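See below for the structure under consideration.
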Amino acid sequence: MRVPMRAGVALLLVIGLLGACGGDDTVPAPRGVTFQLEQTRQDLQGRKFSVQVVNKSRHDLAVDHLEVESGRLPKPATYDGPTTVFAGTAVNLTMTMPRARCGNGTDATVNITYTVDDGKTVTSRARPSDHFGSVERFMKRDCAEHAVGRIAVDDKLVVNGTGDDATLDIGVTFTPPTSGTAVRLVSVGGSTLLAPASAKATAIDKTLQPGGPPVRASLTFIPNRCDVHVVAEDRTGGILPLRVESKEFGSSPVYLRFAEPQKAQIFDYLAERCGFGSKQDPLNAP
């Protein structure tokens, strides 16, 4: 059956309007505007990461809202403005990452709602780069932490010895989840504040089995540096990297984190071992 030309044109017009109503309302990002994901050193304290908006265009961007979607995240990570990314500048928009699932890559998309030079509000969608691969490593740590299960650092940290021979012993209990993959606990590294007393002093070399018994480890540390500036400016001394291995994710660090009362014990140990606050020879004072 042939459709009259006028009726056919009308039908195509209706289909086009319906497609526009149900289609994608996003617009391309301005030329010269790009996005990259990164997790900086100070963000290791929590679950923060940033989307850096790089604006090499000639126009200012007023950002109202930004979100990062990923097939590895149960929900988007979001940032709410307003903030302005001026022409020729770059701004880090920091947000909290939901717990990531295991997988490969970041599989990420940025959705940004903004205005250009006080124009109308629009939304753009773009694929961000992963600066230094730091956010993919963040997601990989989530996978590893889920496989390791519960990590409990002893409330009381033990100082053994006196003076220059004093060491700090830290007890840790690892309780595996009921299901998942076997994980090899390899060894714990140091931080800006603490260093392993020896290679063997922080080696664990034990395997956690899903649904299996907890694994206990005793780790021995000495000061990394007896430098008051390190203590005063420290940001990550309260976390220690544990290297773990599994067929699921390969090799990854997970972090032993200290609560404030435990950090206070670390600082007390450093003050005693390093002689902070003791009377110093004026000729050798820093």
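The values are calculated or read from the model by the stated rules, or taken from the named source; none is laboratory data. Just so it is clear, the model here is predicted, and its values are computed rather than measured. Cβ: placed from backbone, ideal geometry, glycine included. Neighbour counts: every protein chain shown. SASA here: full protein model, heavy atoms, side chains in, ligands and nucleic acids out. Shrake-Rupley method; radii C 1.70, N 1.55, O 1.52, S 1.80 Å.
Observations
- Qualifying residues in the range 63-86 (those that are open to solvent by 60 Å² or more (accessible area, probe 1.4 Å) and not aromatic (F, W, Y)) - the one farthest from T123 (Cα to Cα): P74
- Selection within the range 150-204: residues that are more than 25 Å from the chain's Cα centre (by Cα) and of a type in the set (K, R). The member of this set that is farthest from G237 (Cα to Cα) is K200.
- Complete set of residues in the range 87-115 that are surrounded by 15 or more Cβ atoms within 10 Å (Cβ to Cβ) and touching a helix residue (DSSP H, G or I) at 6+ places or on another chain (Cβ under 6 Å): A100, C102, T106
- Total residues in the range 199-213, condition open to solvent by 60 Å² or more (accessible area, probe 1.4 Å), assigned to a loop (DSSP other than H, G, I, E, B) and either under 17 Å from E245 (Cα atoms) or among the hydroxyl-bearing types (S, T, Y) (or both): 1
- Criterion violated by T181 - all others in (1) modelled with pLDDT of 95 or more; (2) β-branched (V, I, T); (3) over 13 Å from T220 (Cα atoms) satisfied: (1)
- Residue in the range 100-136 that is farthest from S252 (Cα to Cα), counting only those that are among the basic types (K, R) and modelled with pLDDT of 95 or more: R125
- Scan of the range 173-198 for residues that are open to solvent by 70 Å² or more (accessible area, probe 1.4 Å) and out of contact with any strand residue (DSSP E or B) (no Cβ under 8 Å at 6 or more places or on another chain), ordered by number: T178, S179
- Residue satisfying all of: in the range 116-172; part of a helix (DSSP H, G or I) and of a type in the set (K, R); most open to solvent (accessible area, probe 1.4 Å) among these: R137
- Inside the range 54-72, residues that are among the hydrophobic types (A, V, I, L, M, F, W, C) and within 26 Å of R101 (Cβ to Cβ) make up a count of 2.
- Identification of strands (runs of 3 or more DSSP E) wholly contained in the range 40-96 with 2 or more residues that are without any contact (Cβ under 8 Å) to a residue 24 or more places away in the chain yields 77-85.
- A search for C-beta distances below 6 Å between a residue of the range 138-156 that is free of Cβ contacts under 8 Å to residues at least 40 places away in the same chain and any residue that is open to solvent by less than 20 Å² (accessible area, probe 1.4 Å), counting only pairs 6+ apart in sequence or on different chains, returns D154/G171.
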